[in-house]
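Colleague: Provided herewith is a single structure, encoded as structure tokens, for subsequent inquiry.
The values are calculated or read from the model by the stated rules, or taken from the named source; none is laboratory data. Worth saying up front: this structure is predicted, and the values here are computed from it rather than measured. Every residue, glycine as well, gets a Cβ built from its backbone with ideal geometry; the counts of neighbours run over all protein chains shown. Heavy atoms of the whole protein, side chains included, go into the accessibility calculation; ligands, DNA and RNA do not. Shrake-Rupley method; radii C 1.70, N 1.55, O 1.52, S 1.80 Å.
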Amino acid sequence: MRILAATNVDLRFAVSERRFREDLLYRLEVLPIRMPSLAQRRDDIPVLARHFAAHACERHKFSSIGLAGSAVRAAQAAEWPGNVRQLRARGRGGGHPGRWRALADRSDDTSLPDLSNRTSAPEAATFQLATRQFQADLLRGALAESNWNIAEVARRLDITRSHVYNLIHAFRLARGT
């Protein structure tokens, strides 16, 4: 018998606190495989998003779709505390590829609104759009206050530096905007 087990718990620490059996740890740790979180490998997000979109289309017999570049950039800029499972679930949209289809190959300029120079929320803002607008404004303000010191912005906003860079790219921000 072979057992493949996954956990987000530090088992060695759990053993030291006597919350996990040491003998079981040694039995499970024959070939440990450490998988970094999705936040640590954001370059995988476009490949995964396209795979999940294609799989959803195939499963529900829809024609295949391509994801717009801005939709992929938005996925890369988002936080995924649930890792790959959360990314896959986000696209399921009630059991079918509806959410992926909503991000389908439209022109990059219309797939996600350009939030780089907007200063007020649109008249008929959706919750999602208003949230993205808030994020863009908050990031723009933090960048201006810190003179574009990315490490300082990451500390102030309590996010990783790589996430700051992803947001700058997703919102198409540049110095002086």
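Colleague: Let me cross-check Tyr26: its accessible surface, 1.4 Å probe, with only protein heavy atoms counted, in Å² to the nearest 10?
Modeller: Probe radius 1.4 Å; accessible area of Tyr26 about 120 Å².
Colleague: Using a Förster distance of 35 Å, how high is the FRET efficiency between Thr160 and Asp23, based on the Cβ-Cβ distance and rounded to 0.05? Let's see the in-between values first.
Modeller: Values: r = 37 Å, r/R0 = 1.05.
So the FRET efficiency works out to roughly 0.40.
Colleague: Right, next: Using heavy-atom solvent-accessible surface (probe 1.4 Å) with all chains present, what is the largest-first order of Arg41, Arg19? Mind dumping the intermediate values first?
Modeller: On the way: Arg41 45, Arg19 150 Å².
Largest to smallest exposure gives the sequence Arg19, Arg41.
Colleague: Could you tell me the accessible area of Arg90 in Å² (1.4 Å probe, neighbours in place), rounded to the nearest ten?
Modeller: For Arg90, solvent-accessible area is about 110 Å².
Colleague: Around Phe20, under 14 Å between beta carbons, what's the net of Lys plus Arg minus Asp minus Glu among the other residues? Numbers along the way, then the final one.
Modeller: Numbers: positive: Arg12, Arg18, Arg19, Arg21, Arg27; negative: Asp10, Glu17, Glu22, Asp23, Glu29.
Summing Lys/Arg as +1 and Asp/Glu as -1 gives 0.
Colleague: The stretch 15-55 to the stretch 134-177: how many Å between their Cα centroids?
Modeller: 29
Colleague: Next question, about the same structure. What does the net charge come to around Gln40 if you take all other residues with beta carbon closer than 15 Å to its beta carbon, with K and R at +1 and D and E at -1?
Modeller: Details: positive: Arg34, Arg41, Arg42, Arg161; negative: Asp43, Asp44, Glu79.
That works out to +1.
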